[in-house]
Amino acid sequence: MTETRRSETPADPVSGKGPAGDGGGSAGPPDGQPLDGASEAAEGAAVPGAGTSGPPPGERTDGDTHPATPVGPTVIDPVAPARGPEERLSTGAVMLGTIRRRVSLSLDGREVRVPEGATILDALHDEGTPAQADTPTICWAPNMDPINACRVCVVEVEGSRTLVPSCARKCEDGMEVKTDTEKVRHSRRMVLELLGSSVAMDRASSDVQRWMTDYGVDTARYGPPAAPAAAGERDRRHPGHHHAPDGATAATVHQPVKVDNDLYVRDYSRCVLCYKCVNACGSDAQFTFAITAAGRGFDARIATEYDVTLPDSACVYCGNCIGVCPTGALISRSEYELREAGEWHPEEETVTTTICSFCGVGCNLELHVQENQIVNVTSPADHSVTHGHLCIKGRFGFQHVQNL
């Protein structure tokens, strides 16, 4: 066997490097000479075994503040890319969100561009004129998924066989939308008239009241309302069974108010079946699923499981159903009692925003005050913590503030 011997040629006293060995590599340093690259590492990069401590070669640390040196087994990988700004942030990488392409569509002849996936109603709100942004809605809310139930927001789309709900229809490239044709106005007026003829709309939101005036709604042409149903009568009706109308009165959903707990009441004479309360109780906010729609046709209604009272149901009294109700069918017990006593004065109401003190989540509260008394508590729909939803303590736990 042939023995391979290293060259005994001394290393360069300046660089500490020896000549190339027989195997093509750098020859080892003689005894007493510095390690290969030690002079460069002395400028800042640590060399294992040279009197410094640190991670294994090639491993990056959060404290690497010196530039990589061109030679030597340093702690910084000399061929690795430079650390980006997002890596230097103590809070971690910056999330930019989903990048979406934009689509072009025409709104009443005016071309606009919106992100892919946006609904027509989103386009009307974000890129439309003030008149287009004022498209009427009842079942839609900015903090909830589209429900597509009331059909008040319908618009005309070129090539579509029927009017389409703007709250649920996604924008498409090249789509032509018309929002103020006679067909659109007639459909919206009919929906508002049919709702107004069967449901008490006098406590609906101010926007709904204004839309009924703007579209010329005339509920009187359907005749006088029929007599209210007795307590529990609508709940006991067989699903799908319909009584023949007498032709002289307009069928209604009028019935006695349900008062079975200390926090809020259910006045289903004002319910338009927008399903917002069902979604808020379900997958949009609370995930309690205490209420849902029961019955069919005109006898459809919002009910608890097995039609039990609210205290016997799965309800946790978060009141999120109250927060999204557009017609006053669900209101707090304090508001109901003040209305019944004739002491409800919304024109004198002030709203103060504060932060809930019951826990550390940081929910924003809007305190509705009348005559120096808190009468209701809501939360902004655009708040990043609550998105308009609260728990039982945040919405109803304000009595201790007034017990002075």
Inset, instruction - Just give me the residues in segment 389-404 being over 15 Å from R333 (Cα atoms) and modelled with pLDDT under 90, in sequence order. - result: H400, V401, Q402, N403, L404
Inset, instruction - Could you list all residues from segment 203-242 that are touching a residue at least 60 places away in the same chain (Cβ under 8 Å), in a loop (DSSP other than H, G, I, E, B) and of a type in the set (D, E, K, R)? - result: R203, R237
Inset, instruction - Take the residues in segment 284-322 that are over 22 Å from G232 (Cα atoms) and polar (S, T, N, Q), then tell me which one is modelled with the lowest pLDDT. - result: Q286
Legend entry - Positions within segment 284-298 being more than 12 Å from N320 (Cβ to Cβ) and open to solvent by less than 70 Å² (accessible area, probe 1.4 Å), in sequence order: A293, A294, G295, G297
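Among the listed residues T386, T378, T304, T353, identify the single one that is in contact (Cβ under 8 Å) with a residue 40 or more places away in the chain and of a type in the set (S, T, Y).
Numbers: T386 fails: in contact (Cβ under 8 Å) with a residue 40 or more places away in the chain; T304 fails: in contact (Cβ under 8 Å) with a residue 40 or more places away in the chain; T353 fails: in contact (Cβ under 8 Å) with a residue 40 or more places away in the chain.
Selected residue: T378, the only one of T386, T378, T304, T353 that is in contact (Cβ under 8 Å) with a residue 40 or more places away in the chain and of a type in the set (S, T, Y).
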Legend entry - Hits in segment 94-138 - residues which are out of contact with any strand residue (DSSP E or B) (no Cβ under 9 Å at 6 or more places or on another chain), over 13 Å from C167 (Cα atoms) and in a helix (DSSP H, G or I): P130, A131
Inset, instruction - Considering each of D267, D307, D218, D207 in turn, give the residue that is closer than 30 Å to F396 by Cα, open to solvent by 30 Å² or more (accessible area, probe 1.4 Å), among the charged types (D, E, K, R) and in contact with a helix residue (DSSP H, G or I) (Cβ under 9 Å, 6 or more places away or on another chain). - result: D307
Legend entry - segment 366-390, residues that are open to solvent by 60 Å² or more (accessible area, probe 1.4 Å) and under 28 Å from A341 (Cα atoms): E371, N372, Q373
Inset, instruction - Among the residues of segment 351-363, count how many are assigned to a loop (DSSP other than H, G, I, E, B) and at negative phi. - result: 7
Inset, instruction - Please give the number of the condition V316 fails out of (1) surrounded by fewer than 19 Cβ atoms within 10 Å (Cβ to Cβ); (2) in contact (Cβ under 8 Å) with a residue 40 or more places away in the chain; (3) in a helix (DSSP H, G or I). - result: (3)
Inset, instruction - For segment 127-168, name all the residues that are over 25 Å from N279 (Cα atoms) and surrounded by fewer than 16 Cβ atoms within 10 Å (Cβ to Cβ). - result: T129, P130, A131, E158, G159, S160, R161, T162
Inset, instruction - State the number of residues belonging to segment 364-384 that are touching a strand residue (DSSP E or B) at 6+ places or on another chain (Cβ under 7 Å), assigned to a loop (DSSP other than H, G, I, E, B) and not polar (S, T, N, Q). - result: 2
Legend entry - Selection within segment 385-404 - more than 14 Å from S357 (Cα to Cα) and either assigned to a helix (DSSP H, G or I) or among the aromatic types (F, W, Y) (or both): Q402
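The values are calculated or read from the model by the stated rules, or taken from the named source; none is laboratory data. The shown structure was predicted, so the numbers you read here are calculated from the model rather than taken from an experiment. Don't worry about glycine lacking a Cβ; one is built from the backbone with ideal geometry, like all the others, and counts go over all protein chains shown. Surface areas here come from the heavy atoms of the whole protein model, side chains and all, with no ligands, DNA or RNA. Shrake-Rupley method; radii C 1.70, N 1.55, O 1.52, S 1.80 Å.
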